[in-house]
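Asker: Have a look at this one.
The values are calculated or read from the model by the stated rules, or taken from the named source; none is laboratory data. None of the values given here were measured: they were computed from a predicted structure. A quick note on method: Cβ atoms are made from the backbone with ideal geometry, for glycine too, and the neighbour counts reach across all protein chains shown.
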């Protein structure tokens, strides 16, 4: 009977042991996955996460000085804590534990020192956890005193770095759209648009941005090509803002003091020079104005 019961109970012990081993393997694999994820996500910040504490010690220890009054007070407090812990533990052993069981009080100063050291280690561990949490938050959000224009990616933080990467991708896409618009203009008119236009009196009229509008994503059907961009009715058109002309990574105002929309992109004057134009019509009206055939398109109403 005894052998049978032993055999019947022994198989039940094996799954328990295998379950513990499986749990350890799972924890080990999870630790590896978390570490690899941190390396992939943090990239340049992983060094700060792993070795930042060492860098801080190497930086801070040479600058440390001993405040002897504070050191003496701290030592006295530690000793008083140990004495109070010892007396409290002995009282607890005598009044509670030893009263309910036979034997003598086995609480010694060694037990007090071990308990005190354990409590201080736990306190230091809690402080370290708080510091590690602050370090992770700093790596994610960046330093508050960091200037975004001059900061490195590791100083901006992971979240700000991801936001800046998205801004760069958006700016790159905007420039690609401008490149396609310039190519379409060139295919249609045989030349790139001028960087700016001016009449025969030297008055600046309009720039390349308004000329490639129909080849991009915007048009200004009410634009009067015979007048400058600051004159009515053209001024209301130029007091609008188009997101494609803004660099999302560049902070600051998007309108000037007079309310005109600003542009973060500029044309190369060697590729898009300013040209003098002859205004033949103020607007395009079915390609005809005063019986004269006008070329339709973004520079409609002018002859370059």
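Asker: Which one of 113, 139 is modelled with pLDDT of 90 or more, surrounded by 13 or more Cβ atoms within 10 Å (Cβ to Cβ) and not assigned by TED's automatic domain parsing to the domain that holds residue 270?
Answerer: On the way: 139 fails: modelled with pLDDT of 90 or more.
Matching residue, one of 113, 139: 113.
Asker: Return the residues of region 188-208 that are surrounded by fewer than 17 Cβ atoms within 10 Å (Cβ to Cβ) and in contact with a strand residue (DSSP E or B) (Cβ under 6 Å, 6 or more places away or on another chain); say none if nothing qualifies.
Answerer: To start, the set of residues in region 188-208 that are surrounded by fewer than 17 Cβ atoms within 10 Å (Cβ to Cβ) comprises 188-191, 198, 200-204.
Correct list: 198, 204.
Asker: Which one of these is within 20 Å of residue 238 (Cα to Cα), crowded, with 17+ Cβ neighbours inside 10 Å and in contact with a helix residue (DSSP H, G or I) (Cβ under 9 Å, 6 or more places away or on another chain): 178, 185? Steps first, answer last, please.
Answerer: Values: 185 fails: within 20 Å of residue 238 (Cα to Cα).
After ruling out the rest, the residue left standing is 178.
Asker: Take the conditions in contact with a strand residue (DSSP E or B) (Cβ under 8 Å, 6 or more places away or on another chain), closer than 24 Å to residue 168 by Cβ, free of Cβ contacts under 8 Å to residues at least 24 places away in the same chain and surrounded by fewer than 16 Cβ atoms within 10 Å (Cβ to Cβ) and apply them to residue 250. Does it pass? Show your work before the answer.
Answerer: Details: in contact with a strand residue (DSSP E or B) (Cβ under 8 Å, 6 or more places away or on another chain): no; closer than 24 Å to residue 168 by Cβ: yes; free of Cβ contacts under 8 Å to residues at least 24 places away in the same chain: yes; surrounded by fewer than 16 Cβ atoms within 10 Å (Cβ to Cβ): yes.
No: the conditions fail for residue 250.
Asker: Give region 55-93 a look and list any residue that's part of a loop (DSSP other than H, G, I, E, B) and either touching a strand residue (DSSP E or B) at 6+ places or on another chain (Cβ under 6 Å) or farther than 26 Å from residue 132 by Cα (or both), or say none. It would help to see each step written out before you state the result.
Answerer: First, the residues of region 55-93 that are part of a loop (DSSP other than H, G, I, E, B): 64-67.
67, the sole residue that qualifies.
To keep it simple, each residue is scored yes or no on (1) outside the structural domain of residue 250 (by TED's automatic domain parsing); (2) exposed (fewer than 11 other Cβ atoms within 10 Å of the Cβ); (3) under 34 Å from the mean Cα position of the chain (by Cα); (4) modelled with pLDDT under 90.
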site	(1), (2), (3), (4)
47	yes, no, yes, yes
53	yes, no, yes, yes
90	yes, no, no, yes
102	yes, yes, no, yes
128	yes, no, yes, yes
135	yes, no, yes, yes
153	yes, no, yes, yes
